[in-house]
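What follows is a single structure, written as structure tokens, with notes after it.
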Amino acid sequence: LDTLSSVLHSESDPLVTARPEDVDSIGADLRDLVLFLYIQSYKRLLPRSHKDSAAVADVWPSTSAFDGYLSALSPLQLVRSNTRRFMPSHADEEAHQLSYLQKHLANILSLLSEHVEEEGKESMVLTIEGFEHLGFLIHFGDKGSEGVPLSQAAPFFANSDPDMPAVPVLASQVHDWLLEIIAASLEHVSEKNSAKESGSPSSSDQDIAMSDASPSSAKASQSARSSFFIEGVSKSSYVKQASDLKNSSVKVINCHDSVIYVLAPLRYATIYGCSDATIVLGAVGKAVRVEHCERVHVILASKRVCIVNCRECIFFLGVNQRPLIVGDNHKLQVAPYNTFYSQLEEHMTEVGIDATINRWHEPLALGVIDPHDSLSHPAGVADAQTESAACLDPDQFTNFLIPNWFEGEPTKSTRNNPFPLPDPYFTSQQRNVIALKPNQGLQTLTL
């Protein structure tokens, strides 16, 4: 139910607006739950295998650096070895999703339909209420827009009188209409891909050599449904503030040896394929997904976080739900939230994060590592339980200082970490603060 509430299409749904402790008592609409369970059969596109495995072996070691664990490639090595040409593009993933919907549409509509009998014949019809639940999977509207209600986009419900119940429509009629829409969307995606392949490759299609990368070589772009991409930042600092991002979803992709600040109220955030970086996210109202990362420090305030296939990462969390840990993870650590910036509490209030609830120390490792789904899983090894995360030693806990870029701050701006620290971490923090103050009354030692 927690996960379902983070992906529901209706912002006014009682499950979406519920406090964490009330989720179980409120429950979910059965139609949303059935659709959510059905689409668990969707499999994301996997990278195509590298044509020159010998070249990969020359660059990347064939064994993992982790004691007692051997693997063909670590998650990030896998991402790098399958260069941008072999990784699915956003258009590829969109086409894959549309094809899935096309294949399964009849089943999906049957789950939302009602059986009626007229003149001795049984048929399946969709009410306007049942049809609206397709908004879970389908969005109508221009790029970056909030879209229009699904029923208003459909010709058979568009002019319904709000004071009169709309007449149910045959499911077969809805099926045919949606198949036409999906086919047209697939054709549009295909045309975009063809134009891209026939033209010169763009900067986003090429790998950025780490030694040559500069802030100017990084890609930042806005896409459909207000998704903002930060891609290829290397050996630099990168900052985005609320004025740059209007309730966006942000994806931080393939960034290395950098410090990245996204100090804004967000809906969703994804961190993918990053290494040796520190990434600070503002307030994320729905969920954060961190995947295929190595040696990354992630600092975030969010309702939910899901960690997938990561290694040697530390997560400084202010989260209202238990952190979910899925897939092939190794040597992860979690710690309480450790920073603030002047607009943090304002952004948290805007997206509905409760600073009095922080479940950072309750990571939940889900399921087993499936060798058929996990690309980095060693061949011939039986399914193993997903590895959880350890709590960071309080002696290693420090505050992270965000530079003050904001001018003309409001008088009620955030001046401290809004998430209360557990006693051992608070003690360690105070000890570090005292240690950093100039020693008074002590003679300077000359070596």
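Limited to segment 1-16, what total is found for residues that are open to solvent by 60 Å² or more (accessible area, probe 1.4 Å), of a type outside the set (D, E) and free of Cβ contacts under 8 Å to residues at least 60 places away in the same chain?
Final tally of qualifying residues: 3.
Being of a type in the set (K, R) and in contact with a Lys or Arg (Cβ under 7 Å, 6 or more places away or on another chain): is that true of R295 here?
Answer is no for this residue.
What pairs come up if the first residue lies in segment 227-249 and is of a type in the set (D, E), the second is in a loop (DSSP other than H, G, I, E, B) and surrounded by 19 or more Cβ atoms within 10 Å (Cβ to Cβ), and their beta carbons are under 7 Å apart, counting only those six or more places apart or on different chains?
Short answer, once both residue conditions are applied: E231/A218; E231/N254.
Restricting to segment 315-355, what's the tally of residues that are touching a Pro at 6+ places or on another chain (Cβ under 6 Å) and not in a strand (DSSP E or B)?
So the count comes out to 7.
Restricting segment 111-124 to residues that are open to solvent by less than 50 Å² (accessible area, probe 1.4 Å) and at pLDDT 90 or above, which is farthest from the chain's Cα centre (by Cα)?
S113
Looking at D32, D24 in this structure, which one is open to solvent by 60 Å² or more (accessible area, probe 1.4 Å) and not aromatic (F, W, Y)?
D24
Scan segment 324-339 residue by residue and report those that are modelled with pLDDT of 95 or more and either of a type outside the set (A, V, I, L, M) or on the phi > 0 side of the Ramachandran plot (or both).
Q333, P336, Y337, N338, T339
Please tell me if V305 is of a type in the set (V, I, T), modelled with pLDDT of 95 or more and within 22 Å of L8 (Cβ to Cβ). Before you say what the answer is, go through the steps one by one.
On the way: of a type in the set (V, I, T): yes; modelled with pLDDT of 95 or more: yes; within 22 Å of L8 (Cβ to Cβ): yes.
Considered against the rule, which asks whether it is of a type in the set (V, I, T), modelled with pLDDT of 95 or more and within 22 Å of L8 (Cβ to Cβ), V305 comes out as yes.
Which numbered condition in (1) out of contact with any helix residue (DSSP H, G or I) (no Cβ under 8 Å at 6 or more places or on another chain); (2) assigned by the TED database to the domain that holds V319; (3) modelled with pLDDT of 70 or more; (4) open to solvent by 100 Å² or more (accessible area, probe 1.4 Å) is the only one that E407 fails?
(3)
Which residue out of A301, A283 is out of contact with any Asp or Glu (no Cβ under 9 Å at 6 or more places or on another chain), part of a strand (DSSP E or B) and crowded, with 20+ Cβ neighbours inside 10 Å? Lay out the reasoning, then the answer.
Numbers: A283 fails: out of contact with any Asp or Glu (no Cβ under 9 Å at 6 or more places or on another chain).
Answer to the check: A301.
Could you look through segment 315-340, keep only residues that are of a type in the set (G, A, S) and open to solvent by less than 10 Å² (accessible area, probe 1.4 Å), and pick out the one that is farthest from G282 (Cα to Cα)? Before you say what the answer is, go through the steps one by one.
Going residue by residue through segment 315-340, those that are of a type in the set (G, A, S) are 318, 327, 335.
Next, from what is left, pick out any that are open to solvent by less than 10 Å² (accessible area, probe 1.4 Å): 318, 335.
Numbers: G318: 11, A335: 17 Å.
By that ranking, first place goes to A335.
For segment 190-213, state whether one or more residues are modelled with pLDDT of 80 or more and open to solvent by less than 20 Å² (accessible area, probe 1.4 Å).
no
Which of the residues spanning segment 147-167 are aliphatic (A, V, I, L, M), open to solvent by less than 50 Å² (accessible area, probe 1.4 Å) and modelled with pLDDT of 70 or more? So that I can check it myself, show each step before the final result.
Within segment 147-167, the first condition is being aliphatic (A, V, I, L, M), and the residues that meet it are 148, 150, 153-154, 158, 164, 166-167.
Then keep just the ones that are open to solvent by less than 50 Å² (accessible area, probe 1.4 Å); that gives 150, 153-154, 158, 166.
Matches in segment 147-167: L150, A153, A154, A166.
Scanning for something touching a residue at least 40 places away in the same chain (Cβ under 8 Å) and either among the β-branched types (V, I, T) or assigned to a strand (DSSP E or B) (or both), does segment 304-312 turn up at least one residue? It would help to see each step written out before you state the result.
Of the residues in segment 304-312, the ones touching a residue at least 40 places away in the same chain (Cβ under 8 Å) are 304, 307, 309-311.
Checking which are either among the β-branched types (V, I, T) or assigned to a strand (DSSP E or B) (or both) leaves us with 307, 311.
There is at least one residue in segment 304-312 that is touching a residue at least 40 places away in the same chain (Cβ under 8 Å) and either among the β-branched types (V, I, T) or assigned to a strand (DSSP E or B) (or both).
Restricting attention to segment 254-277, which residues are under 19 Å from N329 (Cβ atoms), open to solvent by 10 Å² or more (accessible area, probe 1.4 Å) and not in a loop (DSSP other than H, G, I, E, B)?
Residues of segment 254-277 under 19 Å from N329 (Cβ atoms): 269-277.
Pick out the ones that are also open to solvent by 10 Å² or more (accessible area, probe 1.4 Å) and you get 270, 272, 276.
Residues satisfying the conditions are T270, Y272.
The values are calculated or read from the model by the stated rules, or taken from the named source; none is laboratory data. On a predicted model such as this, the values are computed, not experimentally measured, just so you know. Ideal geometry is used to build each Cβ from the backbone, glycine not excepted, and the neighbour counts take in all protein chains shown. Heads up: the accessible areas ignore ligands, DNA and RNA and are worked out on the full protein's heavy atoms, side chains in. Shrake-Rupley method; radii C 1.70, N 1.55, O 1.52, S 1.80 Å.
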